[in-house]
Amino acid sequence: VTEKNPDLPEAERKEIARVVGLGAVKYADLLPNRQSDYAFSWDKMLSLSGNTAPYLQYAYARIQSIFRKGGVEKSEIRNPKSEIWLAAPEEITLAKHLLNFGLVLEAVAEEYRPNYLCNYLYDLAGHFTRFYENCPVLKSAGIERASRLALCDATGRVLKQGLDVLGIEVLEQM
């Protein structure tokens, strides 16, 4: 944390380290199929790439930074009467994946398999990354901008709720 954000106050850096460290251990424990062997590796579980808690926590924090940079209040886009306009393939893929969240939670509960949720969240973060790389959010305008912001918000909410189900905290900034 100190290497990435040396300007942050020490108390904030320690809190980030605590949340990321605990999340990494919990996620690494929940990710494998419960009937598989387990290999403990600090390097793997603390990685910001791959199917790890820090990767998912970073995805959440990155979504929050979109709203900070754009000066957008989430309440502005959470209007149930707002239209969502999906045109780009990445928008459609992300939206379809978001729709599966409830089904995944049911499967996790019915089969006692938290690894299903881990894999769903990892796939969600990957879909979001492809969306973000190919569909400018803050540079777009009108209904396209509003729709893309709504997708960002929904993705952030699902990441946060999914990680919460796993007992893992998220951060607004990393």
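The values are calculated or read from the model by the stated rules, or taken from the named source; none is laboratory data. Keep in mind the model is a prediction, meaning the values are calculated, not measured. Don't worry about glycine lacking a Cβ; one is built from the backbone with ideal geometry, like all the others, and counts go over all protein chains shown. For accessibility, only protein heavy atoms count, side chains too; no ligands or nucleic acids. Shrake-Rupley method; radii C 1.70, N 1.55, O 1.52, S 1.80 Å.
List of remarks:
Yes/no matrix, rows are residues, columns are (1) open to solvent by 60 Å² or more (accessible area, probe 1.4 Å); (2) modelled with pLDDT of 85 or more; (3) under 18 Å from residue 122 (Cα atoms):
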{"residue": "2", "(1), (2), (3)": "yes, no, no"}
{"residue": "5", "(1), (2), (3)": "no, no, no"}
{"residue": "25", "(1), (2), (3)": "no, yes, yes"}
{"residue": "41", "(1), (2), (3)": "no, no, no"}
{"residue": "54", "(1), (2), (3)": "no, yes, yes"}
{"residue": "59", "(1), (2), (3)": "no, yes, yes"}
{"residue": "64", "(1), (2), (3)": "no, yes, yes"}
{"residue": "78", "(1), (2), (3)": "yes, yes, no"}
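- Where residue 106 falls short, out of the listed (1) over 30 Å from residue 143 (Cβ atoms); (2) within 13 Å of the chain's Cα centre (by Cα): (2)
- Identity of the residue in segment 121-166, surrounded by fewer than 16 Cβ atoms within 10 Å (Cβ to Cβ) and outside any helix (DSSP H, G or I), that ends up farthest from the chain's Cα centre (by Cα): 141
- Matching option when the condition is in contact (Cβ under 8 Å) with a residue 60 or more places away in the chain and polar (S, T, N, Q), among 134, 115, 79, 100: 115
- Here residue 110 passes the criteria (1) assigned to a helix (DSSP H, G or I); (2) touching a residue at least 12 places away in the same chain (Cβ under 8 Å) except the one numbered (2).
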